[in-house]
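First the structure, in the form of structure tokens, and then the observations on it.
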Amino acid sequence: MPASKAVSSKRAAVIKALAQPSRLLIAEALMEGEMYVCDLKDLVGADMSTVSKHLSLMRQAGVLVSDEEAAT
């Protein structure tokens, strides 16, 4: 049975969030364990604000959860 429009939209958001090379690199690194933003900054080769924007987009898409979200 085909997925609903809502499910398809959610899946598309996840794919879009991971379709950028830096975000994919971040996701792959975080699959190994938690990392500080400064470490991700060095990994990606971008400034802190850019990495923070990547992380925010990934959280909005449901790819990542923050420590606060995980605790609830």
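Positive end of the dipole of the stretch 5-71 (Cβ unit charges, origin at the Cα centre): among 33, 44, 60, the Cα lying farthest that way belongs to 60.
Taking every alpha-carbon pair under 8 Å whose residues sit at least 6 apart, the chain reaches a relative contact order of 33 percent. Relative to the longest principal axis of the Cα atoms of the chain, the long axis of helix 21-31 makes an angle of roughly 90 degrees.
If packing is taken as the average count of other Cβ atoms within 10 Å, what order do 57-63, 7-13 fall into, highest mean first? Intermediate results must be reported in sequence, preceding the final value.
Values: 57-63: 15.7, 7-13: 12.0.
By packing density, highest mean first, the sequence is 57-63, 7-13.
Evaluate the chain: find the radius of gyration of its Cα atoms, find its Kirkwood radius, and give the ratio Rg to Rh. Working shown, then result.
Values: Rg = 13.3 Å, Rh = 13.0 Å.
Answer for the chain: 1.02.
In the chain, the longest principal axis of the Cα atoms and the axis of helix 5-18 are about 20 degrees apart. Here the chain is assigned +1 on the Cβ of each Lys and Arg and -1 on the Cβ of each Asp and Glu. Its dipole about the Cα centre then comes out at about 620 debye.
Only the coordinates and a few stated rules stand behind these numbers; no lab work does. Nothing here was measured: the structure is a model prediction, and the numbers come from that model. Heads up, the Cβs are rebuilt from the backbone with ideal geometry, glycines too, and the neighbour counts pull from every protein chain shown.
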